[in-house]
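Scroll down for the structure; my scribbles are underneath it.
None of the figures in this text is laboratory data; all of them are computed from the coordinates on show. Because the structure is predicted, anything quoted here is derived from the model rather than measured. Cβ sites come from the backbone with ideal geometry, for glycine too, and all protein chains shown count toward neighbours.
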Amino acid sequence: MAKTVVVIGSAWGDEGKGKITNYLSKQADLVVRYSGGDNAGHTIVLDDAVYKLHIVPSGIFDPNTKNILGNGCVVNPKALLEEIEALKKAGFSCDNLYISDRANVLFDYHKILDGLKEERLGARCIGTTKKGIGPCYTDKMARDGIRMCDFISPDFKDILKETLIIKNDELTHFGASPIDFDSFYEEYQAIADKIRPLVCDTVTLINEEINKGKKVLFEGAQGTLLDIDFGTYPFVTSSNPTAGGVCTGTGVGPTKIKEVIGIVKAYTTRVGSGPLPTEFNDEISQDIRDRAHEYGATTKRARRIGWLDCAILSYSVNINGMTGIALTLLDIFTGYKKIKICDYYTLDGKVLKAPCAKIEDFARCKPHFIEMDGWEEDITKVTSYDELPENTKKYIEKVEELTGVPVVIFSVGPDTKQTIIRKELY
Ligand code: IMP
């Protein structure tokens, strides 16, 4: 069996994927992003230094690890070059980065259109990161996109000319100024020259490595409930961050996937608009926000806080075919007398064990909570499951009981060293 592990966010993202993927990437030979773009924000703490990655995969810190942006990603080359520059300044060469020749390029006009569309929606806005993600995937699906293979080829000039006719129509429709072709082309041609050496056939690269028995980590961005198909539509991103996205976003077949690890935060957070059934606003939620720095890595927005929602988690287990859970930020709960977990919802007198498709119904779901005793002990220095206080163990066991999936990793602090592995994945 191939040595492949998928790491996905089990809810709305920001579950601490960066930390877990960084931990696993130390064992992996390849780290592959398969969906999204620089809307993601992965915070990585390494030897007391904090790095915020948006599009570059988490394995970039190890020169022996190949880092790949798969065809399912939308790549803003300007943002990518900025991130590479910052990493180079910090001493990381980035020579170990590869971009799929089939990935779509995200241009400035995508960002402008993202902002204009949100503005037009007003109070009904999605609350996007305004990075241009939706407009770029829209172009991809409408077959108006420009892929990396074309971006770096001599055809780019002609393709861009055709594309800008359509894009300028859209921009002027929104009342924005049209883009001047000559200066736009000149700017992006220079960028293409810098990006060209990184672009290759990543389908062959990844599959050859898998066939050689190499260890591959597929690094999910965002989360299951932000998935365009399975998330809380329309308050979702425009790609498939769920495990199914690995196949379409990299060119690796489903039979080659071995483990799917869902990153689950001890509580739930959400940025942007849309329902969050277990949301609460009191001194504990504010305490959680402050202790765990629950402010967006990309947009700096305060994240909304809710108790752990096992209706969502069980749904996520099904969609992703989750084989294990990585439970993060357990240490944040230290000192709370009572902790709640939602096990199901009620809606119009009926019990619901998963979120409903219709967003208005989902917004009316009432969470049913199990209340558990908290713990007072500092758990940040714990190095094994056995060292945990009884009540922390009970919390972990409850998550396993409600989802039917083992907690294979748990984390008790921001440093990579504070990650406890109960089952080796590679
Ligand atoms: P977009 O991906 O910028 O189009 O934003 C769509 C929705 O996804 C918004 O609610 C964003 O806040 C959310 N979102 C996008 N990327 C992330 C992420 O990395 N973490 C959490 N939420 C995200």
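Overview of values
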| read-out | value |
| --- | --- |
| Relative contact order for the stretch 111-206, counting Cα pairs under 8 Å that sit 6 or more residues apart, in percent | 21 percent |
| Size-normalised alpha-carbon gyration radius of the stretch 326-426, reference 2.2 N^0.38 Å | 1.26 |
| Point-to-point label distance, residue 208-residue 144, nm (Cα→Cβ direction, 7 Å offset) | 3.7 nm |
| Highest-fluctuation residue, 347, 225, 53 considered, GNM on the chain with Cα pairs under 10 Å | 347 |
| Selection from 347, 329, 399 lying farthest towards where the dipole of the stretch 312-413 points positive, charges on Cβ | 347 |
| Angle in degrees between helix 77-89 and the longest Cα principal axis of the chain, rounded to the nearest 10 | 70 degrees |
| Relative contact order computed over the chain (Cα-Cα under 8 Å; 6+ residues apart), in percent | 21 percent |
| Amide H contacts of residue 35 (H built 1.01 Å from N, under 5 Å, at least 5 apart or other chain) | 221 |
| Counting all C-alpha pairs of the chain, share separated by more than 36 Å (%) | 25 percent |
| Whole-Hz couplings from phi, Karplus 6.51/-1.76/1.60, listed for the stretch 386-395; x for Gly and Pro | 4, 6, 5, x, 3, 5, 5, 4, 4, 5 |
| For the stretch 214-322, radius of gyration divided by Kirkwood radius, i.e. Rg to Rh on alpha-carbons | 1.00 |
| Loop-resident sites, the stretch 110-212, for trypsin sites (Lys or Arg not before Pro), counting at most 11 other Cβ within 10 Å (DSSP) | 143, 212 |
| Debye intensity ratio I(q)/I(0), log10, the stretch 225-281, q values 0.12, 0.22, 0.26, 0.27 Å⁻¹ (C-alpha model) | -0.38, -0.97, -1.12, -1.16 |
| Degrees, to the nearest 10: 202-211 long Cα axis against longest axis of the chain | 50 degrees |
| The stretch 353-361 - phi-based ³J(HN,Hα) in whole Hz, Karplus 6.51/-1.76/1.60, Gly and Pro as x | 9, 8, x, 8, 5, 6, 4, 5, 5 |
| Using θ = phi - 60° and Karplus 6.51 cos²θ - 1.76 cosθ + 1.60, couplings along the stretch 403-414 (whole Hz; Gly, Pro as x) | 9, x, 10, x, 7, 8, 9, 9, 10, 10, x, x |
| Antiparallel content of DSSP bridges confined to the chain, in %, to 5 | 40 percent |
| Cα-derived Rg over Rh, computed across the stretch 127-247 with Rh taken as Kirkwood radius | 1.03 |
| Amide H within-cut-off set for residue 268, under 5 Å, with H built and near neighbours excluded | 306, 307, 308 |
| 5 angstrom amide H check on residue 9, placed H, neighbours 5+ away | 224, 263 |
